[in-house]
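What follows draws every value from the coordinates through simple rules; no lab data is involved. Because the structure is predicted, anything quoted here is derived from the model rather than measured. Here the Cβ is made from the backbone with ideal geometry for all residues, glycine too, and neighbour counts use every protein chain on show.
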Amino acid sequence: MTYQQHPAQPGHQPPPPPGMYAPPPKKMSTGAKIGLGCGGAVGVFVVLGVIGAALSGGGASSGADKPDKVAAAPKREQQAKDDAKSAAAKGSSDPEKRSAAPEAKPKAPASQADRFKAFVNKNGTANEKAAIAHVTKVQGADEQNDILDSVDVYTDFTGGIMGPHQSEGKLIASAFADWKDSKNGLVTIYDAKGELLSNGNF
C-alpha cells in the first residue's frame, strides 16, 4: 500500500508522522493577557452601568418629569412667607385667635444624663435618686455593640475612690446597670476632678 504525499504549501506544516505528538500550542504574550484583562474589567463596568441604569428607572431621563429641587425650594419658602402674612392679617382682626396659643419651640433632644436621671427618678430607690442628682454628664451610653461597651458617668462629688462618696458611686453604677444592659459592659463613675470614684458591670 502506498501513501500519496501532497505537495508542500507555503506556510503549512506537514502533518506529523504517526506515533508522534503534536507540538505544544503557542503561549499567549503578556501584552495579549493584559489586553484581555483590561477588556474584561471594562466589560464588567459596562454591565454594572446597564444594570444600575435599569434599576434607577431607565437612566436616560430628560429631567422634565422631575421637579428641580433648587428651584422648588425658593417657591416653598415664598409660599410659606405668603401664608404667614395672610395668617397675620387675618389674626390681627380677630383678637381671640392672636392670643390663643403662642408658637411652640422645637424641643431639644434630652441628653444621655437627663435620660438616665429620668429613668432612676422613675424606677430607682430613694438612695439612688439622691445619688443620681449629682450626675453631671454621661458619655457612651448610646453606642453599644455588646462586645466591649464602655460608659463614663461624671459627677460633682470630690475625693475620688478613697473619698467619702464611694458608696454613692456604687449606687450610680448599680442604677446604670438597671437602665442599660450589655453582654460585656463597664460603667465608670468619675468625681468632679476626673478621678475614679467607682465602676461596675452592666
Checklist entry - Amide H to amide H under 5 Å from Phe202: which residues, 5+ apart in sequence or cross-chain, H placed 1.01 Å off N in plane? => result Gly185, Leu186, Val187
Item to check | segment 155-163 - phi-based ³J(HN,Hα) in whole Hz, Karplus 6.51/-1.76/1.60, Gly and Pro as x | outcome: 10, 9, 5, 10, x, x, 5, 9, x
Item to check | HN-Hα J in Hz across segment 117-131 - Karplus 6.51, -1.76, 1.60, θ = phi - 60°, x for Gly and Pro | outcome: 4, 4, 5, 5, 5, 8, 10, x, 7, 5, 5, 5, 5, 5, 6
Next on the checklist: Students often check this: by mean Cβ neighbours within 10 Å, which of 168-176, 119-127, 133-141 ranks highest, and how do the rest follow?
Outcome noted: 168-176, 133-141, 119-127
